[in-house]
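Here is the structure we will look at, set down as structure tokens.
What follows draws every value from the coordinates through simple rules; no lab data is involved. Just so you know, these numbers come straight off a predicted model, no measurement behind them. Glycine gets a Cβ as well: all are built from the backbone with ideal geometry, and neighbour counts include every protein chain shown.
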Amino acid sequence: MKITEMKDKSLEELGKMEEELKSQLFKLNLQKSLGQLQNPMKIRGARRDIARIKTLIRERGEKQ
């Protein structure tokens with residue numbers, strides 16, 4: 001997901017997205033350890049999306 005799409009979301013929506021991405025990342029890492037992961041770049045994308053969300057949450061917290 002792109003950062004411009006994330007900026008339109010509220011803090012609650014960002015929190016939910018972060019939790020979903022964390023569970024997705026856990027599942028991807030599990031698949032990787034079992035040798036079932038088809039596209040290892042999905043792990044990298046999930047980590048980057050989590051970092052983007054955390055950055056947005058931190059930035060909005062400082063503004064308030």
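What the table shows:
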item: Equivalent-ellipsoid semi-axes of the chain, from the Cα gyration tensor, Å, largest first; result: 27, 10, 9
item: Label-reachable residues, segment 46-64, where backbone N falls under 15 Å from a point 7 Å from E13's Cα toward its Cβ; result: 53, 56-57
item: Contour minus Cα-Cα distance for R44 and T4 (0.36 nm per residue); result: 12.5 nm
item: Lys pairs, the chain - Cα-Cα below 23 angstrom, 8 or more residues apart or on other chains; result: 27
item: ³J(HN,Hα) computed for each position of segment 17-22 - Karplus, 6.51 cos²θ - 1.76 cosθ + 1.60, integer Hz, glycine/proline x; result: 4, 5, 5, 5, 5, 5
